[in-house]
1. Among the numbered criteria (1) surrounded by 14 or more Cβ atoms within 10 Å (Cβ to Cβ); (2) in contact with a helix residue (DSSP H, G or I) (Cβ under 8 Å, 6 or more places away or on another chain); (3) in a helix (DSSP H, G or I), which one does residue 113 miss?
2. Within the stretch 220-237, is even one residue assigned to a loop (DSSP other than H, G, I, E, B) and of a type in the set (S, T, N, Q)?
3. Quick check on my filter: what residues within the stretch 406-424 are surrounded by 21 or more Cβ atoms within 10 Å (Cβ to Cβ) and either modelled with pLDDT under 90 or more than 21 Å from the chain's Cα centre (by Cα) (or both)?
4. Look through the stretch 5-53, keep the residues that are open to solvent by 70 Å² or more (accessible area, probe 1.4 Å) and charged (D, E, K, R), and return whichever of them is modelled with the lowest pLDDT.
5. So residue 132 passes all but one of these: (1) under 27 Å from residue 324 (Cα atoms); (2) crowded, with 16+ Cβ neighbours inside 10 Å; (3) of a type outside the set (Ser, Thr, Tyr). Which condition number does it fail?
6. For the stretch 580-603, which residues satisfy the criterion of being free of Cβ contacts under 8 Å to residues at least 60 places away in the same chain and within 18 Å of residue 522 (Cβ to Cβ)?
7. Is it the case, given these coordinates, that residue 86 is open to solvent by less than 40 Å² (accessible area, probe 1.4 Å) and either without any contact (Cβ under 8 Å) to a residue 24 or more places away in the chain or out of contact with any Leu (no Cβ under 8 Å at 6 or more places or on another chain) (or both)?
8. Across the stretch 252-311, what is the total count of residues that are open to solvent by less than 20 Å² (accessible area, probe 1.4 Å), touching a Lys or Arg at 6+ places or on another chain (Cβ under 8 Å) and of a type in the set (Gly, Ala, Ser)?
Amino acid sequence: MVKKLRPAFFPALLAICLLIGTVVNLLKGKAPFTSITVLIVSGLVLLASYWLAPMLNRLSTTQVRWLIGIGLVVMVTGQILIVTFLPVTVYHDAYRVLSQADKMAAGKDTWNITYFWRYPNNVPLAYFLSLWFRLTNLVHLSTNVAVHILSLLALDGFIGLLLNTIHRITPRRSVLLGALAFIVLTPFAYTYFLQVFYSDLPAMIVLLVIFRALTFWSSKTRRQRILAGIGLCLTVLIGQLLRPNLIVLIPAIIVIDVLVMLKKGWRTVRLSVPMLLILLGFALSVPANQGIRKVSNFEPHAAFALPVTSWILMGTNTQSQGMYSGSDIGHEIKLSSTARQTYDMDTIVTRIKKLGPVGIVKLWLDKLSILLDARSIQTWGDGGYRAAPSWYQQHAAFFETLVALSYQIATDVLLLLVAWRLLAWRPRIDRPADAVLMLTIVTALGYLAFHTLLWEVEERYGQVILPLLFYQLAALPVVTVPERKRRPRPAVLSVMAAGCILLGLTPVIASYSTQTIVVAAQRSQLSAQYHAKPAKVNPGTVLTERVDLNHTASYFSMQIHLKSQVQVTLENLSDHRIYLLQYHGDVYRWIHSLPQGQYDIVVKNTSSIPQRVDVVRTQHYQLAYYPLIINGHVYTDDSFVYTALATK
């Protein structure tokens, strides 16, 4: 009787999670043809990769180097053009960290908003970023240039390290070139990770460095191991400071240790030293965090701090699908610091009872699909382009739909390829390579389980497992198929068909979806909810800032401050027509058509008493193309908060 080979538990579990996330995402397509387009194009790309793989694997080393070189040159050229001509307005958490770092680099170690008291986990990121700005200040670089250089170095460094890791793990050139295609031909290298510097990319770099160290540990000399061990320990330390959910690596290591012990593979695996160094890095992160707080003059305030249960509370909110919930946080901050955790626990228990087993599973599926949903990569952490060129805005709906579709298709293809190989893998955990590979699998499961079962979830959180998935794609053995079934001609036809379908249906999908295009915006601010201080504007004071509308707008809002009474106008500089904005809450707005052109925003205190106006002030970070002018005095690094929109 032939014994059936069953999939290993953890690889099968991860494969199921990836498949469920992919299927649920397909079912969530809102615009007509979206799911069908993603499904068909993903299938064609999978077929093309299947047929092309043998041909790519036969390429010479010189040919592969040329392809990689050309691809990277094209990528870097595109990146430079984007950060030069299409800068975004960074907002939310990423801006608050950047603003604090900009201030600290100028020697002002004060924490004037409550954001960091509420979310002290971002203090180390602000501190490390300030060190970079202090270094670049020595050569008189602005914060804008400095953060672009840092993003380019971090992103392209990660890409180079990832390609090198894949090259060293597998001789299959198809995997290496597939990873290059994912990076160069999708929005990965040109949108969020390039234009918004935050903790997501460093977290990916940290994971990649950790697993590189474990993979190549046995091949190093004693001296190399000493240096690699120090680097590994420091990497874990920094990674835990920047992104505390790296802690999922600890239970993953424990699981692998148990599996290795059961197989009696300690003598063959020989990874106890690097794993102990990883644990040491976690232990050292605690005093390091306290040290950073001390040198940066940060003192926590219990009155503003949120308990850990706050994130679990949001993770059980079905109205927000387990994502960040402003209503939950808004209710919590009204409570005393001692009552918050009690309220959280009571509400969590009530919600779980109300959901029941079926409701809980449905919520978990929603959260898992959100983690693996990559369609909105272009809007993570930014409020749109500052003032995109006219040619872009004329076709913005097409470009933004193409970005969303292409990255989701590329992500789904990666998830399906990895899932297929995971189901076919039969690990031997007593081998070092298999032990490390299994650790990547359990770590990926840890991240997915942490956010799905326990924590609050956001779409960008799932990106952290990308280096783990590429590692698995390279390290997992290929499912053998007859070579005679693979032909280059069907591969070329599949690629052409995929491209034609994607480009052909993108404008159709864009036409069915109601899209709001950001014509011009400056949305960076520290926010009133974190007690950011508005500017005090005396009677008769006039504040002016110029803005370019490179496309007809249907809405313009100018944030002033709640209950402030000023006169806000827009003056079209070509025909000198004046548009009087109307008061609405904390903004003044114009909800009619505005022709394309250059405008002056003019705010005047016509009352007899001082008024408060939301003016964003930085040290060396220019927020908009034009400076703020107050009574004739130019303030280059100050700006209003405004948004111009056009509905397609």
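1. Going through the list (1) surrounded by 14 or more Cβ atoms within 10 Å (Cβ to Cβ); (2) in contact with a helix residue (DSSP H, G or I) (Cβ under 8 Å, 6 or more places away or on another chain); (3) in a helix (DSSP H, G or I), residue 113 breaks only (3).
2. yes
3. Those that are surrounded by 21 or more Cβ atoms within 10 Å (Cβ to Cβ) and either modelled with pLDDT under 90 or more than 21 Å from the chain's Cα centre (by Cα) (or both): 417, 418, 419, 422.
4. Here the residue is 6.
5. (1)
6. 581, 586, 587, 588, 589, 590, 594, 597, 598, 599, 600, 601
7. Answer is yes for this residue.
8. Count: 2.
The values are calculated or read from the model by the stated rules, or taken from the named source; none is laboratory data. It should be emphasised that the depicted structure is a prediction, and the values quoted were computed from it without experimental measurement. For neighbour counting, all protein chains shown are included, and Cβ atoms are generated from backbone atoms with ideal geometry for every residue, glycine included. We work out accessible area using only protein heavy atoms, side chains counted, and drop any ligands, DNA or RNA first. Shrake-Rupley method; radii C 1.70, N 1.55, O 1.52, S 1.80 Å.
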